[in-house]
Amino acid sequence: MTQTDLIDRYLNAVKLWLPRKQQKDILAELAEDLHSQIEERESALGHPLEEAELVDLLKRRGSPMRVASGYIPEHRLINPAMLPMYWMVLKIVLIWVLAPMFALIFIAPLFNSQSPGKGLVAFFVTAFQSLFFVIGIVTTVFALLDRYHSKWVDRWDPRKLPGAPRTHQQMQWYNDFSGFAFGVAAAVFWALTMWHRSAFVFNGGFRIILTPIWGQIYWLVIALTLARAFVDLYCFARPAWSPARAWVRLALDALKVAIALVLLRVTSWVVIAGADLSPAETAKILAWLNATIQVTLICAAVIMLFDWFRQGRLLWRAKKGRSTPILTVS
């Protein structure tokens, strides 16, 4: 293969990745640069380049796609200045909105399907579609903001910035907002799902019957969930820690732990009926349902105890006059 043939092949490959209007000028510049390198190399070696030497020179120059990318202006999907907000919004949507929705709504096909395998496949298909849709929507919104309204990032006034926390704790306001959103969603779901409900009926006459304990705690759960949600909303609107807020959260967490402990004292939370199942299958399904509820209650109690300990630790540190830096630089 001749030297000219190799260079022509290389330039033609680069051309495929270049914008049509710029191909001619860029290829002329690249060809001139390549011939200059070849001449310098031949002068240093004292003989015309052999095929292997020319191939090595082109390889060191870079693949056609990489070389072409060096002549194309960089296009970003999202402004780097907006990336922190993008990740924050995406986390809030995925963790505090989409995840509970999967747990509370989309898991229904697992119970409604006659075949557990088909139900599991339907669940994962729905989960993937929803995940793809949500990420696409959030990314598209931020891309459009970057394209048409990116100047708002630089439009700010130091006098309108939120006040710094009066304590030395670094406040993560997005946790407060997500706690409010999740709390309201959880309260609404509980209210709509458990209102005057004593059983869940599925296809084939299969029923999950709730024991009376669920009706006894119905209003208490709604009240505590909404109370904690609006405490988080207040902390989001006024991001400054105070002992009163910590005491309120301690009280709410203590009540929630008490409810969890009361529920854990119950030996059976649900029973099943109406299904064409053998006694052994009925006992197996019933044991699995009650065990799932038990594990969920234990996990919820542990999470609330952790938050209770954290709030108590903040109160203790404030009482002893200890402090930590407002900002941490990494």
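The values are calculated or read from the model by the stated rules, or taken from the named source; none is laboratory data. Note that this is a predicted model, so its numbers are computed, not measured. We place every Cβ from the backbone using ideal geometry, glycine too, and count neighbours over all the protein chains shown.
Odds and ends about this structure:
- Residues located in the stretch 22-78, provided they are modelled with pLDDT of 85 or more, over 18 Å from Leu6 (Cβ atoms) and not in a helix (DSSP H, G or I): Gly46
- In the stretch 195-213, the residues that are surrounded by 13 or more Cβ atoms within 10 Å (Cβ to Cβ) reach residues that are of a type in the set (S, T, N, Q) and at pLDDT below 75 with C-beta atoms within less than 7 angstrom, at least six apart or across chains, in these pairs: Phe202/Asn112.
- Verdict on Ala287 being over 21 Å from Val302 (Cα atoms) and modelled with pLDDT of 80 or more: yes
- Residues satisfying the stated conditions in the stretch 31-61, i.e. more than 16 Å from Leu11 (Cβ to Cβ), in contact (Cβ under 8 Å) with a residue 24 or more places away in the chain and among the hydrophobic types (A, V, I, L, M, F, W, C): Leu49
- Odd one out for Thr4, checked against (1) of a type in the set (Val, Ile, Thr); (2) touching a residue at least 12 places away in the same chain (Cβ under 8 Å); (3) surrounded by fewer than 11 Cβ atoms within 10 Å (Cβ to Cβ): (2)
- Residue check, Met65 closer than 30 Å to Phe142 by Cβ, in contact with a Phe, Trp or Tyr (Cβ under 9 Å, 6 or more places away or on another chain) and in the same structural domain as Phe142 (by TED's automatic domain parsing): no
- Residue that is farthest from Tyr71 (Cα to Cα), among those in the stretch 11-27 that are touching a residue at least 12 places away in the same chain (Cβ under 8 Å) and over 43 Å from the mean Cα position of the chain (by Cα): Leu11
- Identification of helices (runs of 4 or more DSSP H) wholly contained in the stretch 177-292 with 2 or more residues that are among the aromatic types (Phe, Trp, Tyr) yields 218-237.
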